[in-house]
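**Q** Let me begin by handing over the structure; questions about it come next.
The values are calculated or read from the model by the stated rules, or taken from the named source; none is laboratory data. Note that the structure is a prediction, hence the values are computed from the model and not measured. Counting neighbours? That spans all protein chains shown, and the Cβs are built from the backbone with ideal geometry, glycine included.
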Amino acid sequence: MTARSDIENITQRIRERSRPTREAYLARLDDAAGRTAHRGVLSCGNLAHGFAACNLHDKELLAADRVPNLGIITSYNDMLSAHQPFETFPQLIKQAAREAGGVAQVAGGVPAMCDGVTQGQPGMELSLFSRDVIAMSAAIGLSHNMFDAAVYLGVCDKIVPGLLIAALTFGHIPAVFVPAGPMTSGLANDEKARVRQLYAEGKVGRAELLEAESKSYHGPGTCTFYGTANSNQMLMEIMGLHTPGSSFVNPNTPLREALTREAARQALSITALGNAFTPVGRMIDERSIVNGVVGLHATGGSTNHTIHLIAMAAAAGIRLNWQDISELSDAVPLLARVYPNGLADVNHFHAAGGMGFLIRELLDAGLLHEDVQTVWGEGLRPYTIEARLADDGTVARAPAPLESGDAKVLAPASAPFQSTGGLKVLKGNLGSAIIKTSAVKPERHIVEAPAIVFHAQEELNAAFKAGKLDRDFIAVVRFQGPKANGMPELHKLTTVLGILQDRGFHVALVTDGRMSGASGKVPAAIHVTPEALDGGMIGRIEDGDVIRLDAHAGTLEALVADDVLAGRKTTIPDLSANGFGMGRELFAGFRALAARADQGASAFGMA
């Protein structure tokens, strides 16, 4: 089935815009494949170093260059719940590779930081740029040129985008992404949010707050709300980088282990040494990228991907922009209600039919490109399934259910929760911004109120505690962009602004920073571009200026005369504290080189 004409038209526009950079990228892939598709290019000394620690059997195989060698890039650490399960994956992968007649080696590890740990802390200012560090770290592991394919073990916020940038940079070999799955359900997300709000109001203490948080984040696996981490898993499956049905299977289960072994075998089967060579740089094309954006909208996914998708696409020579993302949002209905867009978590989504149901509904409605290449073969239709454990311990698959298992969580395309995906681009005299409306009530999509200007989220929180914010206003939190301080998520604002909104005030946020991947119920114009430190007009706003945020019309305007606004100068606050502590001094070069948010905020200059 072909994609609907509006989806195809946007794809074609991206294809035409990308033609020069995409053709140059593919030419580089062909050159790399011709020179590096086997270990025969390595000298004897090179090769001896490469397999010195292997057992004798694997050394003989690698020396003869007769079998595929699978590189493992892992983000394992045992502090982060989402990545702790990866501890056992290399041994599973090596065993599966050996049984399939191949070899697997851990090519390298990449750092994995958790925004949940660093939210509101200085370390959060390293978060966005950790994506670029992860890409570079993976590149170092793969630079030894020992591998015919690679598997990437990653889950969370910046880790998967960084790994995919690396995979596409080494796009002349196949890549299979292997998830660890979400933790089992704990304290309901709405109850967790209620306790957080009570704590912010001083109605419960730290002990009660920590108890609630610990019951919510309680075991191995990804956090269960639908933020950036779980949006990553959705993207990898709908873009054909996972094996079918593997995104949301819980860790430490027989099915999870079976899926991991299967992923290793599949990666070995699609190398240049076989008959189904699938280099990831050719597999991922403009259609795959559009499918990823469609999935983001259909599930109400993370606003962080309005940055990451642009950077990931750029790594493959594909020029995606915010206008493409916004127009696709207008075309794609919302089919999932997962917190913060609803009360359910990703385990409920998976139980209701999950990715198999979602992909089938989108395919049948003509909202996805079916004729794409995936790690599983030709076409996306094989992903319309549910993965199960067979009697022999392998993976079995059955068609996804024809009806949703829970109509409050997962809807058919014929009866969506809303007609659009809920991500929009706002434009006006303050520049461009992103707003996520899927969790915001329609009556709050337009806010017009005086500005109160802050240069840090701590300033806003202090004003709230002092009782100075009990009124209608739009909070302008600036000097939070990539160049200013690394663009940390301003997570501490969510609870405070939510309290004020619940008190009946008309409030909104305008910022050149990011919000959480689980941006919630308060209207927020985020990623304002250009940022204040880069000459953006957000830097010229003064207290009392009336701002109008209109998510219906797609506008963000300071209701200030053009000549008055143009005549003002940006006063840059003292930002020196952003440059030191918790490793921030090591990232000065990243801040200086960072591209704009609408260009992927990368220090590589790919976009």
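**Q** Determine whether the range 155-162 contains at least one residue that is of a type in the set (A, V, I, L, M, F, W, C), in the same structural domain as G274 (by TED's automatic domain parsing), surrounded by 24 or more Cβ atoms within 10 Å (Cβ to Cβ) and in a helix (DSSP H, G or I).
**A** yes
**Q** Just give me the residues in the range 407-433 being over 25 Å from R360 (Cβ atoms) and modelled with pLDDT of 95 or more, in sequence order.
**A** Answer for the range 407-433, where residues must be over 25 Å from R360 (Cβ atoms) and modelled with pLDDT of 95 or more: L426, K427, G428, N429, L430, G431, S432, A433.
**Q** When the range 430-476 is examined, which residues are found to be over 29 Å from the mean Cα position of the chain (by Cα) and of a type outside the set (G, A, S)?
**A** The answer is E448, P450, I452, V453, F464, K465, K468, L469, D470, R471, D472, F473.
**Q** Follow-up question, since we're still on this one. What's the total number of residues in the range 498-514 that are within 27 Å of G123 (Cβ to Cβ) and surrounded by fewer than 24 Cβ atoms within 10 Å (Cβ to Cβ)?
**A** 2
**Q** Sticking with this one: Counting only residues that are assigned by TED's automatic domain parsing to the domain that holds P254 and among the aromatic types (F, W, Y), give me the helices (runs of 4 or more DSSP H) lying completely in the range 293-396 with at least 1 of them.
**A** Hits in the range 293-396: 322-331, 346-351, 354-364.
**Q** Going by the conditions given, is A603 under 23 Å from the mean Cα position of the chain (by Cα), more than 18 Å from I474 (Cβ to Cβ) and either in the same structural domain as T437 (by TED's automatic domain parsing) or assigned to a loop (DSSP other than H, G, I, E, B) (or both)?
**A** Here the answer is yes, as A603 does meet what is asked.
**Q** Which one of the conditions (1) surrounded by fewer than 17 Cβ atoms within 10 Å (Cβ to Cβ); (2) at pLDDT 95 or above; (3) more than 15 Å from A263 (Cβ to Cβ); (4) not β-branched (V, I, T) does R131 fail to meet, given that it meets all the rest?
**A** Just one mismatch for R131, condition (1).
**Q** Moving to a separate point now. Taking the condition assigned by TED's automatic domain parsing to the domain that holds G227 and either farther than 25 Å from Y226 by Cα or among the hydrophobic types (A, V, I, L, M, F, W, C) (or both), does I434 pass?
**A** So I434 does not fit the description; no.
**Q** If you go through the range 93-122, how many residues are assigned to a loop (DSSP other than H, G, I, E, B) and over 30 Å from N69 (Cβ atoms)?
**A** Number satisfying all stated conditions: 4.
**Q** May I pose another question? Right, L126: part of a helix (DSSP H, G or I) and more than 29 Å from the chain's Cα centre (by Cα) or not?
**A** no
**Q** Then there's this: Got a sec? Which of V476, V453 is touching a residue at least 24 places away in the same chain (Cβ under 8 Å), of a type in the set (V, I, T), crowded, with 21+ Cβ neighbours inside 10 Å and outside any loop (DSSP other than H, G, I, E, B)?
**A** Going through V476, V453 in turn, the sole match is V476.
**Q** Looking only at the range 573-598, how many residues end up being part of a loop (DSSP other than H, G, I, E, B) and touching a residue at least 12 places away in the same chain (Cβ under 8 Å)?
**A** 8
**Q** Another question about this same structure. Kindly establish whether L343 is under 30 Å from T494 (Cβ atoms), out of contact with any Cys (no Cβ under 9 Å at 6 or more places or on another chain) and touching a residue at least 12 places away in the same chain (Cβ under 8 Å).
**A** Here the answer is yes, as L343 does meet what is asked.
**Q** Now a separate question. Would you confirm whether or not the range 562-583 contains a residue that is of a type outside the set (A, V, I, L, M) and on the phi > 0 side of the Ramachandran plot?
**A** Scanning the range 562-583, I find at least one residue that is of a type outside the set (A, V, I, L, M) and on the phi > 0 side of the Ramachandran plot, so the answer is yes.
**Q** Taking N347 and the conditions (1) in contact with a Lys or Arg (Cβ under 9 Å, 6 or more places away or on another chain); (2) surrounded by fewer than 24 Cβ atoms within 10 Å (Cβ to Cβ), which numbered condition does it fall short on, given that it satisfies the others?
**A** (1)
**Q** If you don't mind, there's one more thing I want to ask. Can you tell which of Q121, Q95 is touching a residue at least 12 places away in the same chain (Cβ under 8 Å) and out of contact with any strand residue (DSSP E or B) (no Cβ under 9 Å at 6 or more places or on another chain)?
**A** Q121
**Q** Also, quick follow-up: Being within 22 Å of the chain's Cα centre (by Cα) and hydroxyl-bearing (S, T, Y) is the filter; apply it to the range 241-286 and report the residue that is nearest to Y383 (Cα to Cα).
**A** Selected residue: T243.
**Q** I've got another one for you. Could you check the range 479-495 and list, in sequence order, the residues that are touching a Lys or Arg at 6+ places or on another chain (Cβ under 9 Å), part of a helix (DSSP H, G or I) and either within 23 Å of I572 (Cα to Cα) or in contact (Cβ under 8 Å) with a residue 40 or more places away in the chain (or both)?
**A** Hits for the range 479-495 are P482, K483, A484, N485, T495.
**Q** How many residues are within 12 Å of H297 (Cα to Cα) and over 20 Å from the mean Cα position of the chain (by Cα) when one looks only at the range 334-358?
**A** Residues flagged as within 12 Å of H297 (Cα to Cα) and over 20 Å from the mean Cα position of the chain (by Cα) within the range 334-358 amount to 0.
**Q** How many residues, within the range 267-288, are of a type outside the set (A, V, I, L, M, F, W, C) and more than 17 Å from F170 (Cα to Cα)?
**A** 6
**Q** Please note which helices (runs of 4 or more DSSP H) are completely contained in the range 2-84 and include at least 3 residues that are surrounded by 11 or more Cβ atoms within 10 Å (Cβ to Cβ) and β-branched (V, I, T).
**A** It comes to 5-36.
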